[in-house]
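Visitor: Okay, handing you the structure first.
The values are calculated or read from the model by the stated rules, or taken from the named source; none is laboratory data. From a predicted model like this one, the values you see are computed outputs, not experimental measurements. Note: ideal-geometry Cβ built from the backbone for every residue, glycine included; neighbour counts use all protein chains shown. Surface accessibility is based on the protein's heavy atoms, side chains included, excluding ligands, DNA and RNA. Shrake-Rupley method; radii C 1.70, N 1.55, O 1.52, S 1.80 Å.
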2 protein chains.
Amino acid sequence: MNTPSNSCLPDSESIRTTWQKLSGIVKQTPVLTSETLNSITGSELFFKCENFQKAGAFKFRGASSALMQISEKQAARGVCTHSSGNHAQALALAAKIRGLKAFIVMPENAPAVKVNAVRDYGGQITFCIPTLEARESTLEEVRKATGASFIHPYNNYDIIRGQAGCFFEMLQQMDEEPDYIIAPLGGGGLLSGTILSAKYFTKNTKVIGAEPLMANDAWKSFREKKFIPSDSPQTIADGLKTSLGTKTYPIIMEHVEDIITATEEGIIDAMFLVWERMKILIEPSAAVPLAALMENPERFRNKKTGIIFSGGNTDLRRIPWMEKKYHH
Amino acid sequence: MNTPSNSCLPDSESIRTTWQKLSGIVKQTPVLTSETLNSITGSELFFKCENFQKAGAFKFRGASSALMQISEKQAARGVCTHSSGNHAQALALAAKIRGLKAFIVMPENAPAVKVNAVRDYGGQITFCIPTLEARESTLEEVRKATGASFIHPYNNYDIIRGQAGCFFEMLQQMDEEPDYIIAPLGGGGLLSGTILSAKYFTKNTKVIGAEPLMANDAWKSFREKKFIPSDSPQTIADGLKTSLGTKTYPIIMEHVEDIITATEEGIIDAMFLVWERMKILIEPSAAVPLAALMENPERFRNKKTGIIFSGGNTDLRRIPWMEKKYHH
């Protein structure tokens with residue numbers, strides 16, 4: 001195949017071949033079902049378990065895809081990013097597997113569990129004060145000092161191409177295409193990839209984005225048909241606080257069927273339900289699609305509904321329903 | 001096939017046919033692997049995930065197997081047992097699926113989460129004071145009043161035949177038989193079934209029982225070659241407090257390769273490790289084999305080692321590593 005271009009929208013062929021080339025690196029995660037959750041929600045649910053993905057989240061697909069595309073010359077200088085979350089871990093691990101250096105800028109208040117994970121994967125961490133400005137300026141310094149290539153967590157077609165592999169893979173694991181697929185929505189990388197795979201590889205699957213009500217910038221953008229950035233949102237779904245990017249915004253606005261939201265209480269309840277009934281660990285951001293479905297059940301009743309459990313990285317010493325501030 | 005007898009040891013044919021007959025009722029649980037845990041332990045591990053079994057534990061296999069064998073006349077009067085744990089839930093659900101009544105005697109201090117689960121499955125609960133004597137005398141009253149058949153949690157060949165299906169199934173899911181299979185050991189039903197399946201269906205797999213050090217009655221029995229009952233043990237592995245029975249004791253003493261133990265701290269650490277790295281929920285009793293392996297690593301180094309994750313029923317509002325008494 002030709003090298004896919006990062007300057008235009010991923011096409012169906014490049015999504016398929018990237019997924020194939022990564023088959024020995026990215027884990028094929030299972031699609032699980034739960035009679036209990038079907039009966040509670042009235043929908044027929046299929047859960048794509050990216051919480052079992054390497055580095056604990058779908059982000060590893062995008063990071064691996066992006067690293068596949070960089071040249072040998074770029075590779076020699078390593079890659080860099082700023083992130084306090086799953087992209088940092090994913091990029092560090094993907095770089096380690098390719099034998100590259102990864103320079104990660106993290107806010108000094110990042111949870112120890114995430115700092116340790118990046119370090120375990122061999123990532124070289126530079127701390128900064130916890131503002132977006134400081135993150136960007138520190139990254140710029142690191143980039144200049146090392147010559148490392150910046151890998152943006154979502155506003156990058158190579159990343160989006162990798163994330164598209166998640167739903168592409170899910171379709172191959174299901175007997176028939178679902179009526180709906182719901183993906184969590186922060187910067188929009190996973191949702192954009194899901195939209196492209198639905199567009200190229202299904203007949204009728206409708207794609208829904210799910211956002212915390214407390215970080216509903218994309219919901220607002222979709223309704224007002226103009227870009228509205230997120231404004232320091234406070235939500236337990238810490239992976240979904242970011243604004244859409246210039247590459248994800250148009251894909252989503254053009255093709256998404258709808259954007260639905262979930263309350264903080266609903267997110268915690270959905271997360272609890274999955275842990276208790278399915279016996280699998282998902283992080284708060286991953287619970288948002290199920291929570292949003294449960295707060296908007298009519299549309300999905302008796303429909304085949306895919307849900308992407310986007311990740312499972314959560315601090316096991318800080319369980320939401322055991323924290324005083326979330327008691328209800 | 002002829003009806004298997006409950007008065008003699010299950011043979012290979014009856015284990016196979018019982019497993020086949022239950023294939024629409026009992027869930028085929030996955031066998032998972034983890035590169036991280038392989039690298040931590042130095043062994044090549046295969047985890048049989050009975051935490052994903054219906055009613056959350058392997059007990060559903062035995063209960064379903066036992067209910068397959070009762071006559072129509074017995075069925076009309078229902079079944080009964082005393083249990084504060086997974087057998088109660090498993091029997092209630094298996095009875096519900098067969099359309100039978102289940103009468104469950106539970107100690108009045110049983111956790112609400114377990115009482116609710118039994119009730120959700122339609123079990124009729126009689127509470128008693130929390131002593132073995134009270135449980136047995138209350139059960140006897142229930143049995144007399146209802147005519148229900150008593151289904152013992154482990155000292156019953158029909159139960160053992162059902163539990164044998166777990167390792168039988170696991171063998172079919174693996175490319176080759178493991179060098180070792182480790183099962184948790186309380187009353188000995190799962191271990192006995194595992195021993196029989198290893199005996200009938202493998203060439204060389206060695207079976208190891210894993211017990212909490214704080215409830216090491218079987219370990220003592222094995223070493224002293226005589227039956228030593230458990231004596232009010234205190235362990236976080238609440239499913240493994242019981243003594244061996246007259247049917248499980250001889251099977252285990254004759255065929256088990258060894259019995260190994262795990263400390264309380266080791267059990268909690270292993271449970272944490274599985275939650276954090278594998279993103280799946282197991283209960284403390286299910287963590288005992290991995291904990292025991294990690295405390296006795298030499299034998300398993302570079303060996304293919306099967307581990308049975310026996311169940312996933314744990315109170316998500318009481319997480320061991322967050323309880324003060326277990327802080328270390």
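Visitor: Please go through segment A:44-55 and give me each residue that is farther than 12 Å from A:Ile280 by Cβ and either touching a Lys or Arg at 6+ places or on another chain (Cβ under 6 Å) or facing chain B (nearest Cβ under 10 Å) (or both), ordered by number.
Guide: Selection gives A:Glu44, A:Gln53, A:Lys54.
Visitor: Still on this structure: Those residues that are open to solvent by less than 50 Å² (accessible area, probe 1.4 Å) and within 17 Å of B:Leu22 (Cα to Cα), I need them from segment B:92-121; list them, please. Please lay out each step first, then the result.
Guide: At the first step, the residues of segment B:92-121 found to be open to solvent by less than 50 Å² (accessible area, probe 1.4 Å) are B:92-95, B:100, B:102-107, B:110, B:114-115, B:117-118.
B:Ala92, B:Leu93, B:Ala94, B:Ala95, B:Leu100 - these are the residues of segment B:92-121 that are open to solvent by less than 50 Å² (accessible area, probe 1.4 Å) and within 17 Å of B:Leu22 (Cα to Cα).
Visitor: Suppose the filter is buried (at least 24 other Cβ atoms within 10 Å of the Cβ), closer than 20 Å to B:Pro30 by Cα and out of contact with any helix residue (DSSP H, G or I) (no Cβ under 6 Å at 6 or more places or on another chain); does B:Ala164 pass it? Step through it out loud before you land on a result.
Guide: Values: buried (at least 24 other Cβ atoms within 10 Å of the Cβ): yes; closer than 20 Å to B:Pro30 by Cα: yes; out of contact with any helix residue (DSSP H, G or I) (no Cβ under 6 Å at 6 or more places or on another chain): no.
Taking the combined requirement at face value, the residue does not satisfy it.
Visitor: In segment B:1-31, what residues are closer than 22 Å to B:Ala90 by Cβ and among the aliphatic types (A, V, I, L, M)? Steps first, answer last, please.
Guide: Residues of segment B:1-31 closer than 22 Å to B:Ala90 by Cβ: B:3-4, B:6, B:10, B:14-31.
Correct list: B:Ile15, B:Leu22, B:Ile25, B:Val26, B:Val31.
Visitor: Can you name every residue in segment B:40-60 that is assigned to a helix (DSSP H, G or I) and either surrounded by fewer than 21 Cβ atoms within 10 Å (Cβ to Cβ) or touching a Leu at 6+ places or on another chain (Cβ under 7 Å) (or both)?
Guide: Within segment B:40-60, the subset assigned to a helix (DSSP H, G or I) is B:40-41, B:50-52, B:54-56, B:59-60.
Scanning segment B:40-60 gives B:Ile40, B:Thr41, B:Asn51, B:Lys54, B:Ala55, B:Phe60.
Visitor: While we're looking at this one, here's another question. Out of the residues in segment A:254-279 that are touching a helix residue (DSSP H, G or I) at 6+ places or on another chain (Cβ under 8 Å) and more than 22 Å from A:Thr235 (Cβ to Cβ), which is farthest from the other protein chains (Cβ to nearest Cβ)?
Guide: Selected residue: A:His255.
Visitor: Also: Just one of the numbered conditions (1) open to solvent by less than 70 Å² (accessible area, probe 1.4 Å); (2) among the charged types (D, E, K, R); (3) not in a helix (DSSP H, G or I) is not true of A:Lys27; which one?
Guide: (1)
Visitor: I need the full set of residues from segment A:61-82 which are open to solvent by 10 Å² or more (accessible area, probe 1.4 Å) and part of a loop (DSSP other than H, G, I, E, B), in order please.
Guide: A:Ile70, A:Ser71
Visitor: Additional query: How many of the residues making up segment A:290-319 are buried (at least 18 other Cβ atoms within 10 Å of the Cβ), in contact (Cβ under 8 Å) with a residue 40 or more places away in the chain and within 14 Å of another protein chain (Cβ to nearest Cβ)?
Guide: Adding up the residues that qualify gives 5.
Visitor: Next question, about the same structure. Tell me, please, whether a residue that is among the aliphatic types (A, V, I, L, M), away from chain B (no Cβ under 14 Å) and touching a strand residue (DSSP E or B) at 6+ places or on another chain (Cβ under 8 Å) can be found in segment A:197-206. Before the answer, list the steps.
Guide: The initial filter retains those residues of segment A:197-206 that are among the aliphatic types (A, V, I, L, M), namely A:198.
From the residues that got through so far, the ones that are away from chain B (no Cβ under 14 Å) too are A:198.
From what is left, the residues that are touching a strand residue (DSSP E or B) at 6+ places or on another chain (Cβ under 8 Å) are A:198.
Among the residues of segment A:197-206, at least one is among the aliphatic types (A, V, I, L, M), away from chain B (no Cβ under 14 Å) and touching a strand residue (DSSP E or B) at 6+ places or on another chain (Cβ under 8 Å), which makes the answer yes.
Visitor: Looking at segment B:115-139 only, could you name the residues that are closer than 19 Å to B:Ala102 by Cβ and either assigned to a helix (DSSP H, G or I) or polar (S, T, N, Q) (or both)?
Guide: Going residue by residue through segment B:115-139, those that are closer than 19 Å to B:Ala102 by Cβ are B:115-128, B:135-136, B:138-139.
Answer for segment B:115-139, where residues must be closer than 19 Å to B:Ala102 by Cβ and either assigned to a helix (DSSP H, G or I) or polar (S, T, N, Q) (or both): B:Val115, B:Asn116, B:Ala117, B:Val118, B:Arg119, B:Asp120, B:Gln124, B:Thr126, B:Arg135, B:Glu136, B:Thr138, B:Leu139.
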